[in-house]
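Worksheet: the structure to be examined is printed underneath.
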């Protein structure tokens, strides 16, 4: 699971950078919000990956109860997926009612995202997009800004990983990482083209349904193992 989170960070870094380059001309990135958000987020993510993760025990035991680090990371990820998907499906319209772009609020959300990224290797839009929409960005602008944030945040988290002795001992299959990244970049390209033809409301619904599918798939995999 630990090395899987490293692969995740590699893939989202490269694919998000590609997504940013696609959206620069269309002005779908709020750089002010992105910078305020990403500074605390990337610092926390880097600190966790560099200092805390190497100290995190592979097995956690309390009396007769034992649970693995991999299972803890997986369960946290599943909980976040379900919570985010349900919250997004609960909204019946795409009207943004709250606009809270205060620096303190944005920074607080950045800290939360950095913690999640550091512990579960999830710097992806499924966390950041709903938060940016809550701040006051529409769906398309939230997606573009999240890609900007993810690119910077994931680079810093990856640097922390490359100094982690456990990850260095496991090694990274760069061919696999490259293949996954190329496929994901292809998906980003297709998704960006499709995005222009779908309403923001349906984009959010599709996004939420995909999150639920991933969460259910992860639960199924846990039960089978």
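The values are calculated or read from the model by the stated rules, or taken from the named source; none is laboratory data. Remember, it's a predicted structure, so these values are computed and weren't measured experimentally. Reconstructed Cβ throughout: ideal geometry from the backbone, glycine too, with neighbour counts over all protein chains shown.
Checked against the criteria, residue 73 counts as part of a helix (DSSP H, G or I), buried (at least 16 other Cβ atoms within 10 Å of the Cβ) and at pLDDT below 80. Does residue 81 satisfy being at pLDDT 75 or above and surrounded by fewer than 18 Cβ atoms within 10 Å (Cβ to Cβ)? When the stated conditions are applied, residue 81 does not pass them. Among the residues of the stretch 52-67, those that are surrounded by fewer than 18 Cβ atoms within 10 Å (Cβ to Cβ) and in contact (Cβ under 8 Å) with a residue 24 or more places away in the chain comprise 52, 54. Could you tell me whether the stretch 118-126 includes any residue that is under 20 Å from residue 77 (Cα atoms), at pLDDT 85 or above and surrounded by 14 or more Cβ atoms within 10 Å (Cβ to Cβ)? Scanning the stretch 118-126 turns up no residue that is under 20 Å from residue 77 (Cα atoms), at pLDDT 85 or above and surrounded by 14 or more Cβ atoms within 10 Å (Cβ to Cβ).
When 131, 149, 159, 106 are checked against the criterion of being outside any loop (DSSP other than H, G, I, E, B), in contact with a helix residue (DSSP H, G or I) (Cβ under 6 Å, 6 or more places away or on another chain) and at pLDDT below 85, a single residue qualifies: 131.
Kindly evaluate residue 37 against the criterion of being on the phi < 0 side of the Ramachandran plot, modelled with pLDDT under 75 and touching a helix residue (DSSP H, G or I) at 6+ places or on another chain (Cβ under 7 Å). Criteria not met by residue 37. Considering only residues that are assigned to a loop (DSSP other than H, G, I, E, B) and under 22 Å from the mean Cα position of the chain (by Cα), which ones fall in the stretch 164-202? Those that are assigned to a loop (DSSP other than H, G, I, E, B) and under 22 Å from the mean Cα position of the chain (by Cα): 164, 172, 173. When the stretch 26-51 is examined, which residues are found to be over 24 Å from residue 166 (Cα atoms) and either in a helix (DSSP H, G or I) or in contact with a strand residue (DSSP E or B) (Cβ under 7 Å, 6 or more places away or on another chain) (or both)? 31, 32, 33, 34, 35, 36, 37, 38, 39, 40 - these are the residues of the stretch 26-51 that are over 24 Å from residue 166 (Cα atoms) and either in a helix (DSSP H, G or I) or in contact with a strand residue (DSSP E or B) (Cβ under 7 Å, 6 or more places away or on another chain) (or both).
Condition check ((1) in contact (Cβ under 8 Å) with a residue 60 or more places away in the chain; (2) in contact with a helix residue (DSSP H, G or I) (Cβ under 9 Å, 6 or more places away or on another chain)) across all residues:
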| residue | (1), (2) |
| --- | --- |
| 165 | yes, yes |
| 179 | no, no |
| 191 | no, yes |
| 195 | no, yes |
| 201 | yes, yes |
| 205 | yes, yes |
| 214 | yes, yes |
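The single condition among (1) modelled with pLDDT under 80; (2) under 28 Å from residue 193 (Cα atoms); (3) buried (at least 21 other Cβ atoms within 10 Å of the Cβ) that residue 95 does not satisfy is (3).
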